Amino acid sequence: MRNSLRRTVFTCLLAGLAAGCANLEKEPKQPGAKTETEHAKAPDLSKQRLMLSEGYSMLYKDANNLDLTELILYVKVESEAVDKVVSAVAEVGGQVKKDLERIARDYPGVRIDLDPLPEMEKRKRAAISKDRARYFAPVIGHGGREYERTVLIGFANGINHERHLCQVMAEAEPDAGLKKFLLDAEKRYDGLYDRVTALLDKEYFKNPNGKTGD
């Protein structure tokens, strides 16, 4: 029972990462409710700050997902390099999450509790997650190189989403302190992305069943 539950959690987590850190809600909210809810939550925000707060909310939800990635280590990971990458991703996700919680307390114009995605975008992401879950399910619990490659591909997709979100938000953020946070977060995600893709290229893409070619 416990193993079955773990496999379900890991499948959903990996599917969400592969969908670009998609929102993993089971059912989208009722159409038309989003706009009213967002403005009701943040009635005093200007149009620009509301737009940026939607971005901060996405960053926060995604960082929370990345913070949970150490759960992946419950399934057998044979490579020390992958083990270190998983721990590094969880560490960065946890730090970004804490930073955003602090920022939300210190900056009245920043919200991290909004639900900015349009209804059709949420439905699309949910569909992608379900599709990827069907792909990931057979490798969950097996361990080995196939599982490790699957984990790394999920990371690459999710982290690529985060670093570009930080980039476009930094370009729009007028506050110097918040801009610095976004640029620093982008740099952290850039480093993780380069580390994950380099490991994939070196160890997993050339020959997934054994040693890479020269």
(message) Please go through the range 133-168 and give me each residue that is aliphatic (A, V, I, L, M), in contact with a Ser or Thr (Cβ under 8 Å, 6 or more places away or on another chain) and either at pLDDT below 90 or surrounded by 22 or more Cβ atoms within 10 Å (Cβ to Cβ) (or both), ordered by number.
(response) Ala133, Ala137, Val139, Ile140
(request) Filter the range 61-70 down to the residues that are out of contact with any His (no Cβ under 9 Å at 6 or more places or on another chain) and open to solvent by less than 60 Å² (accessible area, probe 1.4 Å), then identify the one that is modelled with the lowest pLDDT. (result) Thr69
(request) For Asp184, state whether it is over 15 Å from the mean Cα position of the chain (by Cα), among the acidic types (Asp, Glu), within 30 Å of Lys47 (Cα to Cα) and at pLDDT 95 or above. (result) yes
(message) Looking at the range 95-116 only, could you name the residues that are among the β-branched types (Val, Ile, Thr) and assigned to a loop (DSSP other than H, G, I, E, B)?
(response) Val110, Ile112
(request) Would you mind stating whether Ala127 is surrounded by fewer than 17 Cβ atoms within 10 Å (Cβ to Cβ), out of contact with any strand residue (DSSP E or B) (no Cβ under 8 Å at 6 or more places or on another chain) and at pLDDT 80 or above? (result) yes
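The values are calculated or read from the model by the stated rules, or taken from the named source; none is laboratory data. What you are looking at is a predicted structure, and each value in this text was computed from that prediction instead of being measured. Neighbour counts are summed over all protein chains in view; Cβ atoms, including those assigned to glycine, are modelled from backbone coordinates with ideal geometry. Just the protein is used for accessible areas: all its heavy atoms, side chains included, with ligands, DNA and RNA removed. Shrake-Rupley method; radii C 1.70, N 1.55, O 1.52, S 1.80 Å.
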